[in-house]
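Peer 1: What follows is a structure written as structure tokens; I'll ask about it next.
The values are calculated or read from the model by the stated rules, or taken from the named source; none is laboratory data. Model, not experiment: these values are computed from the prediction. Cβ sites come from the backbone with ideal geometry, for glycine too, and all protein chains shown count toward neighbours.
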Amino acid sequence: SGLHTAAVAKGKLYFGSATDNSELTDTAYLTQLNNTDDFGQITPGNSQKWDTIEPTQNQFSYTKGDVIANLAKANDQKLRCHTLVWHSQLPSWVSSGTWTNATLIAAMKNHITNVVTHYKGDCYAWDVVNEALNEDGSYRDSIFYQTIGPAYIPIAFAAAAAADPDVKLYYNDYNIESSGSKAMAAQNIVKLVQSYGAKIDGVGLQAHFIVGSTPSQSSQASVLSAYAALGVEIAYTELDIRMTLPSTDALLAQQKTDYTNTVAACVAEKSCIGITIWDWTDKYSWVPNTFSGQGAACPWDENYAKKPAYTGILSAL
Ligand code: XIL
């Protein structure tokens, strides 16, 4: 069987992939993305971000996001919706606006209410707040934190829940997949939202890992159980494992081990409900554009051949 079929057989809800609008014109790419034996879920890599959806205040543009949502519907794949409140890919009217506490809360709530209402019924989950933390566990100094303080987080979750009481609401971040200050701070975000009486359903572990320094299965397992103990589910939301190029057989073998251990950690934790890779082919991975000299992070190569990592993932499922 493929990855999604095997994940479901292990009691998970899905195995899935990120995708992006520009990739869908590539018919060989689309054929594999549509293969529900491997992918029971998709995530728009960019087209639901604030700069795409609300480039001008209170003017909403859903065309690109709807293409991905409609694809998920046509394929009967779950959709993870990504993301409502993030410091990056913000339109300048938000990031460089002149705000007071009250006006930014109003603008943020208006964004969340419109977007969540538009996609009501389409999303399995929303990444409500993305990457609110620094590596040391302090709050990232975003426009939201500067203007509103930490309360922007529970306010965002409450607004999302009011617009769609049924969608799962997630806090999503990277480097929170093993224990440390940042993972502890992510647990504190769950408690903060809960302490405001707002709903939070899940923690999303981005899992943008590096070959050879991916956290071990046991260190991932212990942090997964710490999140689960707070009463929330967990998902791996953006898994990829990059290497310094060029790839070698040894690096590809280590990558297989790192993917296997990560997927095994999710399989072993009942509250870990699914795994999403941040696109399935090296051809369209975000890694080379962001981390100079690095790449080959996906389970399929740029010619759409399965890499050892694919077999490793399947063996863990
Ligand atoms: C990335 C996209 O994949 C790129 O195409 C874009 O240029 C930048 O953003 N964490 C996230 C994702 O939550 O939204 C990011 O996606 C990758 C890091």
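Peer 1: Kindly check whether there is at least one residue in the range 79-97 that is away from the ligand (no atom under 16 Å from the Cβ), of a type in the set (D, E, K, R) and either closer than 19 Å to residue 156 by Cα or crowded, with 19+ Cβ neighbours inside 10 Å (or both).
Peer 2: no
Peer 1: Kindly list, by first and then second residue, each pair from a residue in the range 67-91 that is part of a helix (DSSP H, G or I) to a residue that is among the acidic types (Asp, Glu) and at pLDDT 95 or above, limited to pairs with Cβ atoms under 9 Å and residues at least 6 apart or on different chains.
Peer 2: 68/20; 69/122; 70/122; 72/122; 73/122
Peer 1: Mind checking which residues of the range 7-34 are part of a helix (DSSP H, G or I), more than 16 Å from the ligand (Cβ to nearest atom) and touching a helix residue (DSSP H, G or I) at 6+ places or on another chain (Cβ under 6 Å)?
Peer 2: Of everything in the range 7-34, just one residue is part of a helix (DSSP H, G or I), more than 16 Å from the ligand (Cβ to nearest atom) and touching a helix residue (DSSP H, G or I) at 6+ places or on another chain (Cβ under 6 Å), namely 30.
Peer 1: Between residues in the range 122-146 that are in contact (Cβ under 8 Å) with a residue 40 or more places away in the chain and within 16 Å of the ligand (Cβ to nearest atom) and residues that are outside any loop (DSSP other than H, G, I, E, B) and of a type in the set (Lys, Arg), which pairs lie under 6 Å by C-beta distance while being six or more apart or on different chains?
Peer 2: Once the first residue is in contact (Cβ under 8 Å) with a residue 40 or more places away in the chain and within 16 Å of the ligand (Cβ to nearest atom) and sits in the range 122-146, its partners that are outside any loop (DSSP other than H, G, I, E, B) and of a type in the set (Lys, Arg) give 125/80; 125/168; 133/182; 135/182.
Peer 1: Just to check your reading of the model, which residue among 228, 309, 253, 268 is closer than 26 Å to residue 21 by Cα and more than 16 Å from the ligand (Cβ to nearest atom)?
Peer 2: 309
Peer 1: I'd like the full set of residues that are surrounded by fewer than 17 Cβ atoms within 10 Å (Cβ to Cβ) and among the β-branched types (Val, Ile, Thr), limited to the range 37-64.
Peer 2: Of everything in the range 37-64, those that are surrounded by fewer than 17 Cβ atoms within 10 Å (Cβ to Cβ) and among the β-branched types (Val, Ile, Thr) turn out to be 56, 63.
Peer 1: List the pairs whose first member sits in the range 221-243 and is more than 19 Å from residue 188 (Cα to Cα) and touching a residue at least 40 places away in the same chain (Cβ under 8 Å), whose second member is away from the ligand (no atom under 16 Å from the Cβ) and acidic (Asp, Glu), and whose Cβ atoms are under 9 Å apart, counting only residues at least 6 apart or on separate chains?
Peer 2: Within 9 Å, the pairs are 241/258.
Peer 1: When residues of the range 292-301 are filtered for being under 14 Å from residue 240 (Cβ atoms) and over 20 Å from the mean Cα position of the chain (by Cα), how many remain?
Peer 2: Of the residues in the range 292-301, 2 are under 14 Å from residue 240 (Cβ atoms) and over 20 Å from the mean Cα position of the chain (by Cα).
Per-residue answers, yes or no, for (1) out of contact with any His (no Cβ under 9 Å at 6 or more places or on another chain); (2) of a type in the set (Phe, Trp, Tyr); (3) over 19 Å from residue 22 (Cβ atoms):
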site	(1), (2), (3)
70	yes, no, no
74	yes, no, no
84	no, no, yes
93	yes, yes, yes
104	yes, no, yes
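Peer 1: Take the conditions at pLDDT 95 or above, under 20 Å from the mean Cα position of the chain (by Cα) and not in a loop (DSSP other than H, G, I, E, B) and apply them to residue 94. Does it pass?
Peer 2: So residue 94 fails the test.
Results for (1) within 26 Å of residue 222 (Cα to Cα); (2) aromatic (Phe, Trp, Tyr); (3) out of contact with any helix residue (DSSP H, G or I) (no Cβ under 8 Å at 6 or more places or on another chain), shown as yes or no for each residue.
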{"residue": "252", "(1), (2), (3)": "no, no, no"}
{"residue": "260", "(1), (2), (3)": "yes, no, no"}
{"residue": "263", "(1), (2), (3)": "yes, no, no"}
{"residue": "274", "(1), (2), (3)": "yes, no, no"}
{"residue": "281", "(1), (2), (3)": "no, no, no"}
{"residue": "291", "(1), (2), (3)": "no, yes, yes"}
{"residue": "296", "(1), (2), (3)": "no, no, no"}
{"residue": "299", "(1), (2), (3)": "yes, no, no"}
{"residue": "307", "(1), (2), (3)": "no, no, no"}
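Peer 1: Another question, if that's okay. Taking residue 191, is it surrounded by 20 or more Cβ atoms within 10 Å (Cβ to Cβ) and either within 16 Å of the ligand (Cβ to nearest atom) or not aromatic (Phe, Trp, Tyr) (or both)?
Peer 2: Taking the combined requirement at face value, the residue does not satisfy it.
Peer 1: Please verify whether residue 56 is out of contact with any strand residue (DSSP E or B) (no Cβ under 9 Å at 6 or more places or on another chain), without any contact (Cβ under 8 Å) to a residue 40 or more places away in the chain and not basic (Lys, Arg), treating the condition exactly as stated.
Peer 2: So residue 56 passes the test.
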